[in-house]
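Enquirer: To start, I am sharing the structure in question, which I have written as structure tokens.
Values in this text are rule-based calculations from the coordinates and carry no lab data. Since the structure is predicted, the reported quantities are computational estimates derived from the model, not experimental observations. Please note: Cβ atoms are built from the backbone with ideal geometry, for glycine as well, and neighbour counts cover all protein chains shown.
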């Protein structure tokens, strides 16, 4: 499978200084066109929840790409939200190291990443639609199994609603998904 780091490809394309996000995030703190950040798991979960809820509320004809590092991290209720999105979106593609059998669902495709693939250190969500473009990607600076409490892992990332950044993220992930079919 082709090697790809969405973080490496996109971090420098977003201008600005890196901000530390901690504690309870306000929606206003995330409601900016672009943001470079350092944070932990709870803040990433909240950032993704906001993005997922926007998709579920507005129901765009989107392509959704999500990366959970390991497929086992895509658990209920998160997975149920992606199943709901698949009902009206053009497709949902979930990437991760294949460490768990995943339930089948129409409109959802799982891309199994080999161990040590760069994307197994990244958490991302990309929403690409004519009426909605948003993405976030975060690099896991600690890695799984290094900390006693996994939720305390540190991440560095970027989020953006700029069409060029979102379209580039979607194109890179779509190319990776297609490359596994030709290998």
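Enquirer: Mind checking the full-extension length gain between residue 142 and residue 3? Use 0.36 nm per residue of separation minus the Cα-Cα distance, one decimal, nm. Please report the intermediate quantities before stating the final value.
Expert: Numbers: separation 139, 0.36 × 139 = 50.04 nm, distance 2.01 nm.
Net length gain for the segment: 48.0 nm.
Enquirer: Gain in length, residue 156 to residue 112, computed as 0.36 nm per residue apart minus the alpha-carbon separation, to one decimal in nm?
Expert: Computed gain between residue 156 and residue 112 is 13.5 nm.
Enquirer: Relative contact order of region 120-183: what whole-number percent is it, with Cα pairs under 8 angstrom and at least 6 residues apart?
Expert: 31 percent
Enquirer: Please state the shape class of the chain: rounded when a/c is under 1.5, otherwise prolate if a/b exceeds b/c and oblate if not, all from the C-alpha gyration tensor.
Expert: Rounded.
Enquirer: Put a dot 7 Å past each Cα toward the Cβ at residue 56 and residue 34; how far apart are the dots in nm?
Expert: About 3.0 nm, to one decimal.
Enquirer: To the nearest whole percent, what portion of all C-alpha pairs in region 41-102 is separated by more than 14 angstrom?
Expert: 56 percent
Enquirer: Provide the gained length on full extension for the span residue 15 to residue 27, in nm with one decimal, where the gain is 0.36 nm per separating residue minus the Cα-Cα distance.
Expert: 2.3 nm
Enquirer: I'd like the distance between the alpha-carbon centres of region 153-169 and region 53-110, rounded to an integer number of Å.
Expert: Computed from Cα coordinates, the inter-centre distance equals 18 Å.
Enquirer: Given the rule -39500 (n - 2.57) for each run of at least 4 DSSP H residues, summed and divided by the residues of the chain, what is its mean residue ellipticity at 222 nm, to the nearest 500 deg cm²/dmol? Intermediate results must be reported in sequence, preceding the final value.
Expert: On the way: 5 runs with 56 residues, N = 183.
About -9500 deg cm²/dmol.
Enquirer: While we're looking at this one, here's another question. For the chain, what proportion of DSSP beta bridges, expressed in % and rounded to the nearest 5, is antiparallel?
Expert: Antiparallel: roughly 65 percent of the beta bridges in the chain.
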